[in-house]
Amino acid sequence: MLTKKSRIKDVYANPIGRDIIDRVLLQMNISKKAVNNPIIGSLRLKVLPKLLKSQLDEGFVDTLLTLLNTEHETAKGNDEMILKAWWKEAVFYQIYTRSFKDSNGDGIGDLQGIISKLDYIKELGIDAIWLSPIYDSPNDDNGYDIRDYHKIMAEFGTMEDFNQLLTEVHNRDMKLIMDLVVNHTSDEHKWYQKAIQEPNSKYGDYYIFKDQPNNWTSFFSGSAWNYVEERGQYALHLFSKKQIDLNWENETLRQEIHDMIKWWLEKGIDGFRLDVINYISKRSGLPEANESIGKLMEYKGVEHYFYGPRLHEYLHDMKEKVFIPYNAFSVGETPGIGMEMSKLLTADYRKELDMVFSFDHLEMPGRTRFDDYHYDLNYLKSFMINWMENYGEHCQPSLFFENHDNPRMISKINSERQYRNVLGKLLAVIQLTLRGTPFIYQGQELGMINQNFQSIEELRDVESLNLYDELCNTMKKEEAFSKILAGSRDHARTPMQWNNQQYAGFSTGKPWIMMDEDYKICNVETQFQDENSILRFFQNLITLRKEHRVIYYGEVLFINQKEKDLFAYYRKDGTETLYIEINLSSSNKKRTKYPEGIRLLSNYAEDSSSFLRPYEASIWKYN
Ligand code: TEU
Ligand code: CA
């Protein structure tokens, strides 16, 4: 058992301890080397607050110990063969329906719109589609607030449309996974309505109510508690005021969720992406949040639910009872979960989840999404090296740079127009040649960039709008708006750019969210005709991936790791060797040696011999 007298190095040797300390260091922008320093390592845990310049107090140490001492498992070693699975070979494509393709001119993307573009997705080389929520919803958070799990959102179509979509996806030999949002439901869900109107019915305990609120805050600004007049109590909502957290402690509720999942699996869907699934177990008694952790993490209370005491139990139970019998795939969205915890959630022999999305590579150390800064690809390199070398053969990494919750990656790295094309391709090379399952977000294959929003009226996202209101209390409106612009999720939610016609061929009517003029130069139609486009590069790269299976299961061997701006690695198995060479900077970079073999694909037409050009990224095949 670890106590306040334990040494820092012993805490760091504990997988959970390592994750938490790494997370804190990341947030504070302190190098991991600090912990590996023998002097620091031999210090006792209780001095940690002092060491961290009192940014974290003693409550942090207590929280850390609670987390460490409730997890008794560690992940198994790495000596075994990787088990094969379809989802380890697949390239996924995420569709945010509202912004993908509108079939009836109301300005809102829909299921028939998706159906009309399945040939496009297939042609790109995609094997599986992840659909963001399409269930009936009042759309406070664009479908992540579900009102009825068994109905399709009217704006998107009907259950017949869905059935047709599923058949057409399968006809094209692709798979379909849905979004499963079961940490919370809409306050308009009938369970919640019953819970507040008939507190003594079985529904009365389906959500988390408290007589007095605690100090936890919502991810979408303000307190995480709503006062519920009907019950004279407070209801917990980690997200918007209309997204109420379900009480997973209640077994009947868990059963109800299992049944709902089975109902969808019976239809023949192939699996689920599980929304904020690591938040479902909250520490009992819902203790007050530690203020210093809250300050560091920007949200209060996370330490009590991001890796809750019954998380493994709930996931294991769901896997055994629901996912395994249907042979269904699962990828969990797990914000705040580090690599060691990810191992415990996804190792194949543990039977919890197949994969997770971990997010620590999307922002630089010391930065958060709403900071305006330039992302340095050298950080991505160090992140990837760590995961590739240490995640192990029992676990499958997910590879992604974009989704509907984050600004576009190219814009974070370098927004100079001259680099857009090479940079989009560079990211594709990293995403499609490392070991792991790539998830491409709609528009990423075109190199879409952040939108040129002019005013707060043009934004739609509840997170952006709430944060704007909050910021306006302490800063000027213009300042608040520019802060929102840096991180707004709406950058990724503008319509997919199909052609250079009005509304980019997304709709014949005015889209639900603005789009700037970018579609005139960046769109599917134009890029299909251009051999040098990002789209064609993605297509070629996906084909290449399928032809070189070493990318699926082969070893990853990094070379010249210490050399700044160079990201170089081999992919190797018994039959072939690929070499990937990337210049992470916008300057020319001298080559130490010229690669052998033949160049299979590159983001520059001619090879340059003695140096690598800005963001040059190439794949070579050795003999
Ligand atoms: O996201 C969870 C989540 O952590 C983010 O919303 C988070 O607050 C931020 O984006 C971190 O960078 C999922 C969905 O992907 C998101 O769209 C939903 O709004 C949210 O859950 C609630 O369901
Ligand atoms: Ca429509």
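Just so it is clear, none of the values below were taken in a lab; they were calculated from the coordinates. Here the structure is a predicted model, which is why all the values come from computation and not from measurement. Every residue, glycine as well, gets a Cβ built from its backbone with ideal geometry; the counts of neighbours run over all protein chains shown.
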| task | Considering only DSSP beta bridges where both residues belong to segment 166-286, give the percentage that are antiparallel (nearest 5). | result | 75
| query | Hey, with R₀ at 35 Å, roughly what FRET efficiency would SER455 and GLU123 work out to, going by the Cβ-Cβ distance, to 0.05? | reply | 0.40
| query | Roughly how big is segment 549-622's charge dipole about its Cα centre, with Cβ charges of +1 (Lys, Arg) and -1 (Asp, Glu), in debye to the nearest 20? | reply | 160
| remark: Amide H contacts under 5 Å for LYS175, restricted to residues at least 5 apart in sequence or on another chain and with H modeled in the peptide plane, are ALA128, ILE129
| Among ASP530, ASP211, ASP270, ASP57, what is the fewest-to-most ranking by other Cβ atoms within 10 Å? | ASP211, ASP530, ASP57, ASP270
| Rounded if a/c under 1.5, otherwise prolate or oblate - the chain, Cα gyration tensor axes | rounded
| query | Using 1/(1 + (r/R0)^6) with R0 = 22 angstrom and r between the beta carbons of THR592 and LYS33, what's the FRET efficiency to the nearest 0.05? | reply | 0.30
| Based only on Cα atoms, what Rg/Rh ratio does segment 8-68 have, Rh being taken as Kirkwood's radius? | 0.90
| query | Tell me, in nm to one decimal, what length is gained between ASN390 and ASP469 on full extension, where the rule is 0.36 nm per residue of separation less the Cα-Cα distance? | reply | 24.2 nm
| request: With θ set to phi - 60°, apply the Karplus curve 6.51 cos²θ - 1.76 cosθ + 1.60 along segment 29-37 and write out the HN-Hα couplings as whole Hz, x wherever there is a Gly or Pro. | output: 6, 10, 5, 5, 4, 3, 6, 7, 5
| Karplus-derived HN-Hα couplings along segment 358-372 (A = 6.51, B = -1.76, C = 1.60, θ = phi - 60°), whole Hz, x at Gly and Pro | 9, 10, 5, 8, 7, 10, 6, x, x, 10, 10, 4, 8, 7, 9
| Per residue of the chain, what 222 nm ellipticity follows from adding -39500 (n - 2.57) for every DSSP H run with n ≥ 4, rounded to the nearest 500? | -9000 deg cm²/dmol
| message | As an exercise, identify the GluC sites (Glu not before Pro) in segment 73-132 lying in DSSP coil whose Cβ has no more than 13 other Cβ atoms within 10 Å. | response | GLU73, GLU80
| said: Straight-line reach from LYS510: which lysines fall under 19 Å, measuring Cα to Cα and dropping same-chain residues less than 8 apart? | reply: LYS101, LYS520
| message | Could you check the spin-label model distance between ASN500 and VAL47? Points 7 Å from the Cα along Cα→Cβ, value in nm. | response | 6.6
| task | Determine, from the Cβ-Cβ distance of GLU89 and GLN197 and an R0 of 56 Å, the FRET efficiency 1/(1 + (r/R0)^6), rounded to the nearest 0.05. | result | 0.70
| query | Tell me, what ³J(HN,Hα) does each residue in segment 516-532 have, in order and in whole Hz, if you take phi through Karplus 6.51 cos²θ - 1.76 cosθ + 1.60 with θ = phi - 60° and put x for Gly and Pro? | reply | 7, 8, 4, 4, 5, 10, 10, 7, 4, 4, 4, 5, 5, 7, 10, 3, 8
| query | Stretch SER482-HIS170 to full length: gain in nm at 0.36 nm per residue minus the Cα-Cα span? | reply | 107.9 nm
| remark: Within segment 541-610, pairs of Lys residues whose Cα atoms are less than 26 angstrom apart, provided they are eight or more positions apart or on distinct chains, add up to 12
| message | Filter LYS295/LYS343; LYS151/LYS477; LYS122/LYS282; LYS9/LYS295; LYS190/LYS477 down to the pairs with a C-alpha to C-alpha distance above 31 Å, please. | response | LYS151/LYS477; LYS122/LYS282; LYS190/LYS477
| Taking 0.36 nm per residue of separation and subtracting the Cα-Cα distance, what length does fully extending ASP607 through GLU517 add? | 29.0 nm
| request: From zero up to wherever the largest Cα-Cα distance of segment 549-622 sits, split into 10 Å bins and tell me the percent of pairs in each. | output: 20, 54, 24, 2
| said: Under the rule of at least 5 residues apart or a separate chain, name every residue whose amide H is placed under 5 Å from the amide H of GLN233. | reply: VAL228
| said: Only bridges whose two residues both fall in the chain count here: according to DSSP, what percent of them are antiparallel, nearest 5? | reply: 60
| task | Would you grab the residues whose amide H sits under 5 Å from the one on LEU399? Only those 5+ places off in sequence or on another chain, please, with H modelled 1.01 Å from N. | result | THR437, PHE439
